[in-house]
Structures are given as C-alpha cells and as structure tokens.
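Encoded as structure tokens, the structure appears first; notes follow it.
Values quoted throughout were computed directly from the atomic coordinates according to the rules given, and no laboratory measurement underlies them. Computed from a predicted model, the values in this text were never measured in an experiment. Glycine also receives a Cβ, built like all others from the backbone with ideal geometry; neighbour counts cover every protein chain displayed.
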Amino acid sequence: MGTFHWASAGSIPPKLDLRAQGWHLADPAKRVADCVSIVHAEALGMSDWARLLGGTSRDERRLMLVATVNVPSGRAKLLHEGFGEVVCTEIDLPELSARAARLATFERWVPQCRAVAGMELDLLAREATFGGRALNLHPREFAILWRLSDRPGEVVSKEALLRDVWRLSTSPESNSIAVQLSRLRRKLTAAGLDGAVLTTAGGYCLRREYQVAC
C-alpha cells in the first residue's frame with residue numbers, strides 16, 4: 001500500500017493504524033510523495049485545530065484525512081475548509097485504507113500550472129508570466145495570486161488569505177495584506193494587467209476573463 005503520516009499527538013489508535021493494512025508510517029522529518037496525513041479529531045483541542053488550520057494550505061489539506069468526526073455538520077465544515085476526506089468513528093480499517101489510498105492520488109491531480117486572465121501561473125517555479133514575460137513575483141505575491149486563482153471571479157476573504165497564505169488564524173496588527181497586494185498590483189499593472197485583482201466589500205478576487213485550462 002502507500003505511506004501515511006500521523007498528524008496527531010500520542011500513539012496511533014488501532015482503529016486508525018493503517019500499518020495493519022500494509023501501509024508504511026512516514027518519518028515526520030522527511031517529505032514523502034503521495035503521503036497521506038491522518039488526523040485524529042477526537043485528540044485535538046481548540047488550540048490544536050487553530051494550529052492545524054493556520055499552519056496548512058488548502059493544497060496540503062487535500063492530502064489530509066480527518067477521522068472520528070461524528071457530527072455531520074462538522075464533517076461538512078472540514079470538507080469546506082479543504083480537507084481531502086473526513087470520516088466518522090464507525091469506519092473500519094479496510095474502508096479507511098481505501099479512502100486514504102484515494103487521497104494518495106490527489107497529489108497528482110493538484111494543478112502545476114494555471115492560465116487565467118491572460119496569465120500563466122507555474123506552481124513549481126512560483127512565477128507568473130504574461131505575454132511570455134515573467135512578472136518577477138515575490139513568493140508571497142505569487143502565493144496570493146495562486147490562492148485567488150483557485151476560483152477566479154469569486155471573492156476570497158481577508159481571513160482566508162491570512163489562513164492560506166500567511167498561515168495565521170488571527171489578523172496581525174500590521175497591514176501585511178495591503179502591502180503585498182499593492183506590490184502585486186503594481187507588477188500586474190506594469191505588465192498590462194491593470195485591474196486584474198479587484199477589492200470588494202468581502203475581500204479580493206481575480207478577474208475571470210480569458211480563463212482557460214492549462
């Protein structure tokens with residue numbers, strides 16, 4: 001089978017130990033391709049959830065399986081937050097293994113490039129180009145643009161940007177978002193993309209004009 005990472009404190013309960021299904025437990029100090037993270041919801045307190053949500057991006061959460069969530073509305077909320085799978089306590093190991101194996105394929109599905117609003121975004125290079133010319137984005141400027149390109153035309157709240165780009169659960173006293181967005185807009189304008197990133201009452205969005213598959 002595959003490899004999994006135990007993303008909770010303490011020992012692995014037998015009902016969640018995928019080693020019994022032929023999986024390998026990953027060394028937490030090493031990055032392993034197609035590695036699924038198992039989160040034991042019953043073992044997490046409020047501060048643990050805050051660290052988990054604030055310390056992971058949506059792309060990272062696609063490879064996370066949250067177990068032992070018995071309230072349907074709670075499972076729905078976690079899926080909305082971008083976790084790849086959320087299951088209840090009653091799941092047995094064979095089904096848990098099957099769902100984890102499905103998640104292991106998601107890393108291959110995460111887009112490595114996107115084309116939107118006339119730009120080409122390259123996740124590996126963390127750079128955007130327009131008309132064949134690089135925009136020379138700072139990593140955080142690129143991260144903002146990539147997050148907004150998740151759903152072009154839809155508003156992304158300030159709180160969502162703080163969580164997914166800055167990995168913060170609370171708003172800092174500084175105006176970090178405003179500063180980075182100003183720099184990003186200047187570079188977009190210089191490239192001929194004035195108005196590509198819009199500010200709305202609820203947050204920010206990327207224009208969806210000219211959106212195509214990459």
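Near the amide H of T3, within less than 5 Å, lie the amide hydrogens of H24, V36, all on another chain or at least 5 residues away, with H placed in the peptide plane.
Taking the longest Cα principal axis of the chain as reference, the axis of helix 93-104 is set at about 20 degrees. Relative contact order for the chain: what is it in percent, counting Cα pairs under 8 Å that are at least 6 residues apart? Result for the chain is 18 percent. Modelled spin-label separation between A190 and R58, with each label point placed 7 Å from Cα along the Cα-to-Cβ direction: 2.8 nm. Taking the C-alpha atoms only, the angle from helix 139-148 to the longest principal axis of the chain is near 80 degrees.
Relative to the dominant Cα principal axis of the chain, helix 176-190 is inclined by about 50°. Label-to-label distance, L25 versus K158, with points set 7 angstrom from Cα along the beta-carbon direction: 4.4 nm. Can you compute the helix-only [θ] at 222 nm over the chain? Use -39500 (n - 2.57) per DSSP H run of at least 4 residues, normalise by all residues, nearest 500 deg cm²/dmol. Helices in the chain give a 222 nm mean residue ellipticity of -8500 deg cm²/dmol. Checking every one of the trypsin sites (Lys or Arg not before Pro) in segment 1-85 against DSSP loop status and a limit of 15 other Cβ atoms within 10 Å picks out K30, R31.
Remark: the I12-F106 segment gains 31.5 nm on full extension, using 0.36 nm per residue and subtracting the alpha carbon distance. Taking square-rooted eigenvalues a ≥ b ≥ c of the alpha carbon gyration tensor, is segment 3-109 rounded, prolate or oblate, where a/c under 1.5 means rounded and, failing that, a/b exceeding b/c means prolate? Rounded. Length available on full extension from A201 to D34: 0.36 nm per residue minus the Cα-Cα distance, which gives 56.3 nm.
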